[in-house]
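J.: I'd like to ask you about the structure that follows.
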Amino acid sequence: MTSVIAILPSAVADQIAAGEVVERPASVVKELVENALDAGATSIDIAVEDGGRQLIRVSDDGSGMSRDDAVLALARHATSKIRSAGDLVGVRSFGFRGEALPAICSVSQLEIETALGDGAGTVVRAAGGSVADVTETARRRGTTVGVGRLFFNAPARRKFLRGARSEWRGIVEVVTSLSLVRRDVRFSLSHDGRPVLVVPRAATLRERIAALHGAAIAGRLVDVEDVSGTIHVAGLVERPSEVGTAGRRVHLAINARSVRDSGIVRSAEAAYRSTIPAGVRPTVYLELTLAAADVDVNVHPAKAEVRFRDRWTVERAVELAVRRALGTMESGATLGRTLWPASTPFMPRAVDVEVLRPRTNVADGIVTPNDEERRGPATLPDETPPEPDVPHLLQLRRTYLMFERDDGVVLIDQHSAHERVLFERFMRSLECGDTPAQRLLFPLTLHLGPAEADAFEAHRKLFERVGFEVEGFGGHTLLVRSVPMPHPRFDAERCLRETIAALTGDRDASAAPRHQRLAATVACKAAIKAGDILSPGEMRALFIALASTQLPAHDVHGRSTVVHLSWDELERRFGRR
Ligand SMILES: Nc1ncnc2c1ncn2[C@@H]1O[C@H](COP(=O)(O)OP(=O)(O)OP(=O)(O)O)[C@@H](O)[C@H]1O
Ligand SMILES: [Mg+2]
């Protein structure tokens, strides 16, 4: 019997392999630019015609190749970057498989022009995987690789190419990611002879983003910089108050490779919990550095994904880093700096510092605002850390607190700020269940509609944890025996009613976890309002409590709690400069 199995001719095998590496024009651009970067280029020019379907040309000023190497580069498994499998661990170059050029060559008309130094160089022409001729040329040091008529010999694959515009978008994306990773290199990109993008070398990620997308976009971002064990997380993420107002961008680099990883991106997003509405996704630029042994880069044909040895730890590190960045972002951080030495890396939590803490032992039912209390200074508990340095605070329009700082004026929205403070406190109560509650001498009765009663029942446990002790009283009537006491003028009955009403018919069930929504709602209803006059002591206590929260700069809806007006800005407005 004749054998039915046959070894494929190498040209066919190469074409099949090419399917994995070369999917679209953008993948060719990626491979060629990565090769240029691996060759030590400091300047890379990319020219594309017809969305890369007709021509892709990448020129670099890197090391160049000798005549022999230029020919060898087109052979499969020919690489100058590793010598053994062991070299794969922690490999620093983009390339290591010796696959890209032969794969591209097998499905295109390819030309390499290269020189080791200024002067004598080599031109190699090949098509469909075989070298047609090798000639001499004169050129500058470096390499230019031209890829013409991609898939000219693979009609089935050519049919799968999308329109020029769509392929072009893919190319822009690839060049953008690589230019974010390698900010030390100048890039230019042109389409059908039109220069589209020129990015000069940049010192920082922010500078590069500004060159790519404009200074306004770059200005919306806050720095991330954090170390957890051996994991270093750096980058820039969007201010919560800006999220959702412009297109979203996501960039992730791991050990200086641009990769996709939805798990990491989700962890970064998790850090925004309670600062932005659910479903709205922030722009994030993240750069992770891990020990070489903790990440495997050789798991995806186009190296677009990596595998972690311990994914959970990496995701946690990312969430923590972003959370810290948001918690100490400029407005919040400067607010905190007034209180604690600049060296304090992270603001302490104000577990003991209660804002607008009740001074009288109220046991006679619901507390009502009391003028005497308003005037008297709020006393802080004894165990309070050393008296912080609180600036002189002014209340404006019964709505804002204002104070002066070295670099300008800061305004705090009293309701948003208090809401943030209470939210974090209620979240802690929900997690630990130790809310100081106030037992009422005369229980409150609350009559609810059927839908409201259902909403209450669904959240009963959570209500109890934040300090509402409630008994059913037949029908839809509730008997409230204890209430939380977040501040002296807290109207428990109103807060409970409003919170139940807000939770009734709340169809947003899948978004934020239920306890978080409850904490946010109670915090919103319980917080002091715009229009409440605050005593100096209350302002002070609010300031301290806000500075001690994890995310002082934002309320639970993601709005700013703090606005900073710099002296520069004021001077500009007054025409002083
Ligand atoms: N622009 C360039 N400048 C200098 N040398 C280059 C350039 N492009 C390719 N080479 C050489 O050709 C070799 C083959 O390139 P190719 O992209 O096929 O493989 P690789 O980069 O080693 O690995 P991978 O397949 O993972 O990309 C490289 O190892 C490098 O030595
Ligand atoms: Mg390569």
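The values are calculated or read from the model by the stated rules, or taken from the named source; none is laboratory data. Bear in mind that the values here come from a model prediction, so they are computed numbers and not experimental data. Note that we place each Cβ from the backbone using ideal geometry, even for glycine, and neighbour counts take in every protein chain shown. Surface areas here come from the heavy atoms of the whole protein model, side chains and all, with no ligands, DNA or RNA. Shrake-Rupley method; radii C 1.70, N 1.55, O 1.52, S 1.80 Å.
J.: Is there any pair with a first residue in region 76-105 that is free of Cβ contacts under 8 Å to residues at least 24 places away in the same chain and a second that is open to solvent by 30 Å² or more (accessible area, probe 1.4 Å) and within 10 Å of ligand 2 (Cβ to nearest atom) whose Cβ atoms are under 6 Å apart and which are 6 or more apart or on different chains, and what are they?
T.: Partner pairs satisfying both residue conditions: GLY98/THR79.
J.: Would region 59-71 turn up any residue that is in contact with a helix residue (DSSP H, G or I) (Cβ under 8 Å, 6 or more places away or on another chain), at pLDDT 95 or above and either within 14 Å of ligand 2 (Cβ to nearest atom) or in a helix (DSSP H, G or I) (or both)?
T.: Scanning region 59-71, I find at least one residue that is in contact with a helix residue (DSSP H, G or I) (Cβ under 8 Å, 6 or more places away or on another chain), at pLDDT 95 or above and either within 14 Å of ligand 2 (Cβ to nearest atom) or in a helix (DSSP H, G or I) (or both), so the answer is yes.
J.: Scan region 91-104 and give yes if some residue there is within 14 Å of ligand 2 (Cβ to nearest atom), open to solvent by 30 Å² or more (accessible area, probe 1.4 Å), at positive phi and in a loop (DSSP other than H, G, I, E, B), otherwise no. Even if it seems obvious, please write down each step before you answer.
T.: So in region 91-104, the residues within 14 Å of ligand 2 (Cβ to nearest atom) come out as 91-104.
Okay, now just the ones that are also open to solvent by 30 Å² or more (accessible area, probe 1.4 Å), so 92, 97, 99.
Add one more test, that the residue is at positive phi, and what stays is none.
There is no residue in region 91-104 that is within 14 Å of ligand 2 (Cβ to nearest atom), open to solvent by 30 Å² or more (accessible area, probe 1.4 Å), at positive phi and in a loop (DSSP other than H, G, I, E, B).
J.: A further question on this structure: Do any helices (runs of 4 or more DSSP H) entirely within region 136-235 hold 1 or more residues that are surrounded by 18 or more Cβ atoms within 10 Å (Cβ to Cβ) and among the hydroxyl-bearing types (Ser, Thr, Tyr), and if so, which?
T.: 164-181
J.: Consider ALA304 against the criteria (1) assigned to a loop (DSSP other than H, G, I, E, B); (2) open to solvent by 20 Å² or more (accessible area, probe 1.4 Å): it satisfies all of them except one. Which criterion is unmet?
T.: (2)
J.: Of the residues that sit in region 31-56 and are assigned to a helix (DSSP H, G or I) and open to solvent by 30 Å² or more (accessible area, probe 1.4 Å), which one is nearest to ligand 2 (Cβ to nearest atom)? I'd like the intermediate steps shown before the answer.
T.: Let us first name the residues in region 31-56 that are assigned to a helix (DSSP H, G or I), namely 31-38, 50-52.
Now restrict to residues that are open to solvent by 30 Å² or more (accessible area, probe 1.4 Å): 35, 38, 50.
Values: ASN35: 4, ASP38: 6, ASP50: 24 Å.
My answer is ASN35.
J.: Among the numbered conditions (1) β-branched (Val, Ile, Thr); (2) within 14 Å of ligand 2 (Cβ to nearest atom); (3) closer than 19 Å to SER177 by Cβ, tell me where ILE82 comes up short.
T.: (3)
J.: Do we have any residue at all in region 235-247 that's aliphatic (A, V, I, L, M), modelled with pLDDT of 90 or more and in contact with a Leu (Cβ under 8 Å, 6 or more places away or on another chain)?
T.: Yes.
J.: Quick check on region 119-133: of everything there that is within 15 Å of ligand 1 (Cβ to nearest atom) and open to solvent by 20 Å² or more (accessible area, probe 1.4 Å), which residue is nearest to the chain's Cα centre (by Cα)?
T.: Filtering region 119-133 for residues within 15 Å of ligand 1 (Cβ to nearest atom) gives 121-124, 126, 129, 131.
Still in the running and open to solvent by 20 Å² or more (accessible area, probe 1.4 Å): 129, 131.
Working: GLY129: 42, VAL131: 46 Å.
This residue is GLY129.
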